[in-house]
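Written out below as structure tokens is the structure these notes cover.
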Amino acid sequence: MKGSDVTVSNVSKSFGGFTALKDVSLEIKKGEFYSLLGPSGCGKTTLLRAIAGFEDPDSGTILIDGSDVSGLSPDKRHCNTVFQSYALFPHLTVFENVAFPLRIKKTPTRLIKELVMKHLSLVQLEGHAEKKPSQLSGGQKQRVAIARALINEPSVLLLDEPLSALDAKLRQHMLMELDSIHDKVGITFIYVTHDQQEALSVSDRIAVMNAGLVLQVGSPQQIYENPATEFVARFIGETNIFRGKVLSRKGTLNVIEVESFGQLLVDDETPVEVGDTIVVTIRPEKIRISNDEPSGDELNAVRGVVEEPVYSGFQTKYIVRVEGGGRLTTFRQHANWSEGIPDIEWKDEVFLSFSARDLVIVEKSPG
Amino acid sequence: MKRNLGPAYVAPQALWLTIFFAAPLLIIVAYSFLRKGLYGGVETSFSIQAWADIANPTLLKVTLKTLWVSLAATIIIILLALPCGYSIARSKNQALRLFLVIVPFWTNFLVRIYAWISILGNEGFVNQALRFLGLKAEGFQFLYNQGAVVFVLVYMYLPYAILPLFSTIDKFDFTLLEAARDLGSTRMQSYTKVMLPNIKGGVITAVLFTFIPIFGAYAVPLLIGGKDSYMLGNVIADQLTKTRNWPLASAISMSMTLLTAIAVFLFAFKKPKEQQAVKDIDPLSLPNGKTIGFFHRGPGQGKKKPSGKGVA
Ligand SMILES: Nc1ncnc2c1ncn2[C@@H]1O[C@H](COP(=O)(O)OP(=O)(O)OP(=O)(O)O)[C@@H](O)[C@H]1O
Ligand SMILES: [Mg+2]
């Protein structure tokens, strides 16, 4: 496996009185596509800049391939950055932009030509070598930035929201392309984004950050299906949150009392005590919506009225006001649309049902 | 849709330039082809005597010296102004620093020259201080030499270079420097290979704003220099007031203007190889795209900044 592993241990960084990173620790494996995901201002860029060498941590260490890189200037580190703003050199052509690191290293001209053309073809820009950055589209600029960052054959590629300036369609396309470039070059990618869809679709692992803290590290599935905190649950995708008191517990099956919903069955291994206040979450697609009353053992079922159906082609999102007064969000896929399943419309009376096992405890506090 | 009245907008400026620039220039051209009057002035008869007189070795020597002094001063000024403009552009209180650059302009040009005389003169502040400290009783002769002229010229014209350089550097995207560092260049390489090419327009403006007035300098060499520090400006003045050869003075002035124009043309208007580059760097226009007002910021850059009127 090419690429390096990157170990961040207990890194803190503050600007003036403001703490941008609080005791952050991460272990990024060789060749991994690792995402740093979090809302704006949570410290993602600061962490990336610390790895690249643009920011000195106040405390903690960063190891690349096991050796401490503190005090090493950016040009001495085997990582290259794809900047959010592209940072292409406006006075140079595409070719010269990509050739820049090689010219600095005084690589022989013939070799430069060969390497640059190879990297331009990796990002499918062979035909644009002689253009100036100002003559390129956003997506093309992005590709130049990627080719330029890869030409030094870094062992770690740092990408700071590289797609945020592109429109949705192009973003999807570039994301897939990034993924295939990652497969081809096989080095470690550290990918900063605030877009959970992006992170979920390409990452091997994701670190979710908020306010300078790492809240959870895991595979996309772990992050999505088993969020560690209420923040992670809310930040990744849509979700329903219940806050309730544990009434009884038998094995892993809890009965909880939730205000404006009534009693719910929650099957989760997290040890809780009777009397604890817990926060549980369930993803909308795990809630079935139907006109008929459902039945089943470990099943939660509530009755409600459709308050807002939101049609979006492949599915409809329903916001349902339940009998107790609370609101739930559910998705229904349109896979069987043509078979004429009964349509559910605004103000219809419906039943919502969901398995106790699909509810996940994300927070608990005693008493 | 609004009609573009482009050409009409320059009419007032065109009129102004015609009256106050083109006309006097034509008068000087005309004078250079007239016969010299006995006690100054001209007689209205055609003569190319003045242009013939120009080709004399003394004048050539002064011309070369003037070029040499102007070049030296300009180079020193640019080398000082680059880091200065950079540090102002990157500082948090740009307004204060710009203010400090401009403050000297509140004092008259001549007064500032005399200030240097009273600081560096034989009986000046520095020499008196040295004497007081018992270090050097007879004092130093700081002034009345070529070095002193260059020194005071650098002092006088430094702000004219700092302002356009600051203005361009301020618009420079500093992440490009980080990108350069990231891609393996040293700090120095990131300045020379990335920043310098991108602030070329500002450097050209700064060179023109300093070289041209220094080339025509008169007061500084007169008051600060010795007899051997005479520059072309002094020669012209002497021809007007002492030798009273107005046609020759006009001819020298015209040659200087031509020389400067050619130099500017070669230096600033030299067409870059590719056509695109012309769009990227428009050499003579000020970095902000206006002819005056250094402190104007391009649209889309919201940081607060003193306006041209407020400070200039
Ligand atoms: N040089 C700096 N000086 C002062 N504060 C800074 C500096 N750099 C970052 N910060 C602050 O640190 C916090 C984290 O910044 P950072 O750029 O890492 O956020 P981010 O997660 O990358 O956000 P975004 O998604 O908006 O890019 C922010 O509140 C920011 O204001
Ligand atoms: Mg950021």
Matching residues in segment B:119-151 (loosely packed, with under 12 Cβ neighbours inside 10 Å and within 19 Å of B:PRO221 (Cα to Cα)) number 0
By residue number, the members of segment A:63-95 that are more than 26 Å from A:GLN196 (Cα to Cα) and either within 16 Å of ligand 1 (Cβ to nearest atom) or not assigned by the TED database to the domain that holds A:LYS113 (or both) are A:PRO74
With the first residue restricted to segment A:203-224 and required to be closer than 12 Å to A:PRO39 by Cβ and assigned by the TED database to the domain that holds A:GLU177, and the second required to be basic (Lys, Arg) and crowded, with 23+ Cβ neighbours inside 10 Å, Cβ contacts under 7 Å at 6 or more apart or on different chains are A:MET209/A:LYS44
Counting only strands (runs of 3 or more DSSP E) wholly inside segment A:285-367, the ones holding at least 1 residues that are modelled with pLDDT under 85 and closer than 29 Å to A:THR270 by Cβ are A:299-311
Only one of (1) within 14 Å of chain A (Cβ to nearest Cβ); (2) surrounded by fewer than 22 Cβ atoms within 10 Å (Cβ to Cβ) does not apply to B:ALA219, and that is (1)
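A quick yes/no check of all residues on (1) among the basic types (Lys, Arg); (2) within 14 Å of chain A (Cβ to nearest Cβ):
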site	(1), (2)
B:PHE132	no, no
B:GLY139	no, no
B:LEU143	no, no
B:VAL149	no, no
B:ALA180	no, yes
B:ARG187	yes, yes
B:GLY201	no, yes
When segment A:35-50 is checked residue by residue, the ones that are within 27 Å of A:GLN221 (Cβ to Cβ), outside any loop (DSSP other than H, G, I, E, B) and near ligand 2 (Cβ under 9 Å from one of its atoms) are A:LYS44, A:THR45, A:LEU48
Residues of segment B:164-194 being touching a residue at least 60 places away in the same chain (Cβ under 8 Å) and aliphatic (A, V, I, L, M), in sequence order, are B:LEU165, B:ILE169
Counting only residues in segment A:124-140 that are farther than 24 Å from A:ALA168 by Cβ and either crowded, with 16+ Cβ neighbours inside 10 Å or touching a strand residue (DSSP E or B) at 6+ places or on another chain (Cβ under 7 Å) (or both), the one nearest to the other protein chains (Cβ to nearest Cβ) is identified as A:LYS132
Output for Cβ contacts, cut-off 8 Å, separation at least six or different chains, first residue within 14 Å of chain B (Cβ to nearest Cβ) and of a type outside the set (Val, Ile, Thr) in segment A:164-193, second more than 16 Å from ligand 1 (Cβ to nearest atom) and part of a helix (DSSP H, G or I), reads A:ALA165/A:GLY138; A:ALA165/A:GLN142
Q | Some residue of segment B:154-171 being of a type in the set (A, V, I, L, M) and closer than 17 Å to B:GLY226 by Cα | A | no
Reported set for segment A:1-33 where residues are closer than 19 Å to A:LEU178 by Cα and either of a type in the set (Val, Ile, Thr) or within 16 Å of ligand 2 (Cβ to nearest atom) (or both) is A:ILE28
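The values are calculated or read from the model by the stated rules, or taken from the named source; none is laboratory data. Since this is a predicted model, take the numbers as computed values, not measurements. Every residue, glycine among them, receives a Cβ derived from its backbone with ideal geometry; neighbour counts consider all protein chains shown.
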